[in-house]
1. State which residue is farthest from ASP193 (Cα to Cα) when the search covers only region 213-247 and only residues that are assigned to a strand (DSSP E or B) and aliphatic (A, V, I, L, M).
2. Restricting attention to region 115-165, which residues are surrounded by fewer than 16 Cβ atoms within 10 Å (Cβ to Cβ), of a type in the set (S, T, N, Q) and touching a residue at least 12 places away in the same chain (Cβ under 8 Å)?
3. Could you please find all residues in region 89-114 being open to solvent by 30 Å² or more (accessible area, probe 1.4 Å) and of a type in the set (D, E, K, R)?
4. I want to confirm something. Restricting to region 44-56 and keeping residues that are in a helix (DSSP H, G or I) and either at pLDDT below 95 or touching a strand residue (DSSP E or B) at 6+ places or on another chain (Cβ under 9 Å) (or both), which single residue is surrounded by the most Cβ atoms within 10 Å (Cβ to Cβ)?
5. Restricting to region 194-212, give me the number of residues that are exposed (fewer than 14 other Cβ atoms within 10 Å of the Cβ) and part of a loop (DSSP other than H, G, I, E, B).
6. Any residue in region 82-94 that is under 18 Å from the mean Cα position of the chain (by Cα), assigned to a strand (DSSP E or B), at pLDDT 95 or above and not hydrophobic (A, V, I, L, M, F, W, C)?
Amino acid sequence: MSVETEEELQALKAVGRLVAEAIRAMRRAVRPNTTTLELDSIAGKLFRRAGARSGPQLDYDFPGVTCISVNDEAVHGIPGKRRLREGDLVKLDVTAELDGFYADSCVSVSVGRPRSLAAALAHASQSALASGLDAARAGQPLNAIGAAIERKVHGAGFSVCADLIGHGIGRKIHEPPDVPSYFDPDLTRPLTDGLVITIEPIIAAGNGQVRSSRDGWTVRTADRSTSAHFEHTIVVREGAPIVLTAI
């Protein structure tokens, strides 16, 4: 969607704040022996209190409130009985719908003392997100975002999971346009003022190829290497974008 009124912007900010609040609360609860279902229930309680709904459940009938992926699980991990262990890298991917508007965000969190590789990978994804945000300016080509992310990720010695991309958002989870985290020479359309998109570098320590799991939801790295994921929902402006899900 593209923001056309102040009312729309305020509604997007409201759902963005809720997503950020859920991630903060879940992040505080990340520790060894916590189950991913316990983390998921934190978001569920916040959503119910705010009158919000889980975006993945609403649009896709996903079996959890949020997507929680661990280590080699890149995206769409199903919350369940799995207990986190010291050194795991857990991705907390939260999408909410509130009053007909959506926002989506993700952080990667080390459990207990971080492993050096996981810490470096998470730092690279977060830095790549910052680079993508810097490139998201009205009038710039869409592929400037992916180019900035790809340079940062490759510079850190990691790979972009090219099959997993950002997207438009607003009235649904997934709307046009696609927002890859790599340079696509065909994506020369200019970014427009008011456009609502997610930027989400999903990266891996290995070759970046991914495969679907038997559960029909979880996407893992094909080589079982650790992955990291940071994401924000933004509104494109001529200057710095409005980060709706700033934590």
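The values are calculated or read from the model by the stated rules, or taken from the named source; none is laboratory data. Quick caveat, the model's predicted, so the values are computed rather than measured. Note: ideal-geometry Cβ built from the backbone for every residue, glycine included; neighbour counts use all protein chains shown. The protein model used for the area step is the full one, side chains on, heavy atoms only, and it has no ligands, DNA or RNA in it. Shrake-Rupley method; radii C 1.70, N 1.55, O 1.52, S 1.80 Å.
1. Checked region 213-247; the qualifying residue farthest from ASP193 (Cα to Cα) is VAL219.
2. GLN140, the sole residue that qualifies.
3. ASP99, ARG113 - these are the residues of region 89-114 that are open to solvent by 30 Å² or more (accessible area, probe 1.4 Å) and of a type in the set (D, E, K, R).
4. Here the answer is GLY55.
5. 1
6. For region 82-94, residues under 18 Å from the mean Cα position of the chain (by Cα), assigned to a strand (DSSP E or B), at pLDDT 95 or above and not hydrophobic (A, V, I, L, M, F, W, C): present.
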